[in-house]
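The values are calculated or read from the model by the stated rules, or taken from the named source; none is laboratory data. Source: prediction; values computed, not measured. No Cβ is skipped: glycine too gets one built from the backbone with ideal geometry, and neighbour counts run over all protein chains shown.
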Amino acid sequence: MEKELVIVLDFGGQYNQLIARRVRECDVYCEVKPYTISLDELKSLNPKGIIFTGGPNSVYDDASPKYDGAIYELGIPILGICYGSQLMAYGLGGLVKTAPVSEYGHTETIVDKSSVLFKDINVSENDSTICWMSHTDYIAEVPEGFRAVAHTANCPVAAMECRERKLYAVQFHPEVMHTREGIKMLRNFVYDVCGCSGDWKMDSFANATIKQLREKIGSGKVLCALSGGVDSSVAAVLLSKAVGKQLTCVFVDHGLLRKNEGDEVEQVFGPNGNYELNFIRVNAQERYYKKLAGVTEPEKKRKIIGEEFIRVFEEEAKKIGSVDFLVQGTIYPDVIESGLGDSAVIKSHHNVGGLPSVVDFKEIIEPLRMLFKDEVRKVGRELGIPDYLVDRQPFPGPGLGIRIIGEVTPEKVRIVQEADYIYREEIAKAGADKGLGQYYAALTNMRSVGVMGDFRTYDYAVALRAVCTSDFMTAEAAELPWEVLSKVTNRIVNEVKGVNRVLYDCTGKPPATIEFE
Ligand code: XMP
């Protein structure tokens with residue numbers, strides 16, 4: 001039986017993968033395709049439904065992305081979101097205008113519950129629910145055959161439908177959590193309009209990916225960049241299951257790892273570990289410290305660390321001989337935050353933006369590129385990777401290099417490693433890690449005056465960070481119990497030489513990011 005597929009047609013919005021992910025959460029397989037895909041190719045995929053994404057443009061700009069109007073005649077259900085809704089209205093003869101009042105954020109939206117989109121959603125007495133809006137244009141008049149099925153104080157067509165043609169559109173973003181009933185609306189679309197039955201689970205992803213990898217790699221040799229973090233571990237196990245000993249995992253100890261981490265990774269993936277693969281540990285600490293000496297600018301540090309990684313891999317690959325593929329555990333948030341595609345660069349995640357342009361491999365394989373962190377964890381569990389590895393908090397590729405503000409030196413690395421170890425140990429002892437997405441100690445570049453015994457000190461301040469997040473795109477600072485914070489503070493200033501002050505970072509993301517650099 002052919003797998004049910006919903007296509008997200010990407011018109012350049014911020015949330016394209018998020019829409020796909022929400023559909024997958026409804027147990028329906030979903031993939032994002034660019035709006036440049038031809039109608040024939042789209043038809044050949046035989047989708048059960050199509051979702052048009054939002055985008056930053058106005059349909060009246062000549063340069064704005066459009067699509068062949070014949071798509072509306074295929075009989076395939078379509079849901080337009082934000083720009084996608086305006087595109088549908090415009091393409092079918094409705095009127096799109098600049099709204100007299102732009103709407104941004106939480107917006108009370110009155111819905112017509114007779115529309116299948118709003119089946120079983122919770123509404124207040126006046127049939128309203130909170131939806132998340134972000135638009136300057138709006139649909140002023142629906143096309144012939146359509147009816148408006150939701151409105152707000154400033155937007156006459158917050159949703160429209162043409163039931164007979166299975167065409168639906170919403171001005172708001174059902175995929176973001178701020179739209180309270182958004183997931184149900186997407187669910188209604190894929191089940192009740194598209195007729196999906198929900199035949200897809202994460203293990204289908206694992207099995208299908210293993211099969212695809214096997215086909216693609218054939219008898220070729222593969223090198224995997226293994227950091228021991230969740231993403232690269234899951235990628236490595238997928239590859240190990242696909243091609244076994246054709247895979248060599250290279251683990252670079254760049255001297256920017258957490259305390260004891262190098263040995264822990266070796267235990268799991270090394271010769272005495274659980275998996276069928278070749279494992280090489282490269283001790284490259286000195287090499288990294290040399291390259292990073294005197295460098296303070298965060299992007300420069302990231303680029304150096306990323307580039308050095310690739311160089312080490314290339315060298316290892318040469319030793320192995322005729323390596324065709326390089327595997328990386330890049331996941332979706334890495335891709336968008338590095339500004340691939342049309343979104344703005346926040347940071348160059350190494351593995352992605354930090355990649356040098358000349359890379360000595362035939363091809364780079366990134367099997368997790370379309371998944372969010374929690375989806376990667378699900379795949380990990382499906383693959384039977386032990387919970388302690390799968391639930392491990394994320395650790396960035398550039399490691400402590402981006403948790404030391406300013407220049408990286410071996411001495412500063414020692415300070416962060418010790419402080420971070422104490423912090424993690426105390427959180428574990430207190431059982432305070434429930435609900436935390438990520439927590440670590442960083443070294444600020446600030447030194448300040450203190451007093452220890454009868455002596456003046458002029459030492460570094462360590463910053464503690466702990467955030468609650470599930471998708472790592474947004475995060476809130478965690479409210480850690482004071483007893484834990486004060487115990488950690490005490491231990492750090494007493495046990496870690498060179499630190500006389502401990503600070504707690506109360507900032508969310510946005511406006512901060514999770515890492516310091
Ligand atoms: P930020 O700091 O951008 O971090 O809010 C979001 C998540 O991404 C991790 N991160 C990275 N992971 N390579 C990685 O593999 C990187 O260069 C990188 N930079 C940040 C970060 O730890 C958090 O989980």
Residue that is modelled with pLDDT under 85, within 14 Å of the ligand (Cβ to nearest atom) and surrounded by 19 or more Cβ atoms within 10 Å (Cβ to Cβ), where the choices are ILE336, ILE304: ILE336
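The rows are residues; the columns are (1) surrounded by fewer than 19 Cβ atoms within 10 Å (Cβ to Cβ); (2) hydroxyl-bearing (Ser, Thr, Tyr); (3) within 16 Å of the ligand (Cβ to nearest atom); (4) assigned to a helix (DSSP H, G or I).
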| position | (1), (2), (3), (4) |
| --- | --- |
| GLU418 | no, no, no, yes |
| ARG424 | yes, no, yes, yes |
| LYS429 | yes, no, no, yes |
| ALA442 | no, no, yes, no |
Among (1) in contact with an Asp or Glu (Cβ under 8 Å, 6 or more places away or on another chain); (2) not in a strand (DSSP E or B) - the single one TYR191 does not satisfy: (1)
Condition met for ARG377 (within 16 Å of the ligand (Cβ to nearest atom), at pLDDT 85 or above and not polar (S, T, N, Q)): yes
Number of the exception - PRO396 against (1) in a helix (DSSP H, G or I); (2) within 16 Å of the ligand (Cβ to nearest atom): (1)
MET160 of a type in the set (A, V, I, L, M) and closer than 25 Å to GLY195 by Cα: yes
Segments classed as strands (runs of 3 or more DSSP E), wholly inside segment 128-172, with at least 3 members that are on the phi > 0 side of the Ramachandran plot and of a type in the set (Phe, Trp, Tyr): none
Members of segment 1-60 found to be farther than 17 Å from GLY195 by Cα, among the β-branched types (Val, Ile, Thr) and within 20 Å of the chain's Cα centre (by Cα), listed by number: ILE19, VAL32, THR53
Subset of segment 469-491 that is buried (at least 17 other Cβ atoms within 10 Å of the Cβ) and within 16 Å of the ligand (Cβ to nearest atom) - its residue that is modelled with the highest pLDDT: ALA478
Residue count, segment 264-283 (criterion: within 16 Å of the ligand (Cβ to nearest atom) and farther than 21 Å from ILE402 by Cα): 0
Only listed residue being without any contact (Cβ under 8 Å) to a residue 40 or more places away in the chain, more than 27 Å from PHE372 (Cα to Cα) and within 16 Å of the ligand (Cβ to nearest atom), chosen from GLU286, GLU297: GLU297
Residue count for segment 213-231, restricted to those that are in contact (Cβ under 8 Å) with a residue 40 or more places away in the chain and either more than 16 Å from the ligand (Cβ to nearest atom) or farther than 17 Å from GLY321 by Cα (or both): 13
Filtered residue count, segment 492-517, keeping only those that are in a strand (DSSP E or B) and away from the ligand (no atom under 16 Å from the Cβ): 6
Matching residues, segment 440-472, being over 31 Å from the mean Cα position of the chain (by Cα) and basic (Lys, Arg): ARG447, ARG456
Residue in segment 263-276 that is surrounded by fewer than 21 Cβ atoms within 10 Å (Cβ to Cβ), touching a helix residue (DSSP H, G or I) at 6+ places or on another chain (Cβ under 6 Å) and modelled with pLDDT of 85 or more present: yes
Of all residues making up segment 279-324, the number that are among the aromatic types (Phe, Trp, Tyr) and under 12 Å from VAL408 (Cα atoms): 2
Qualifying residue in segment 232-244 (condition: within 16 Å of the ligand (Cβ to nearest atom), hydrophobic (A, V, I, L, M, F, W, C) and closer than 28 Å to GLY13 by Cα): yes
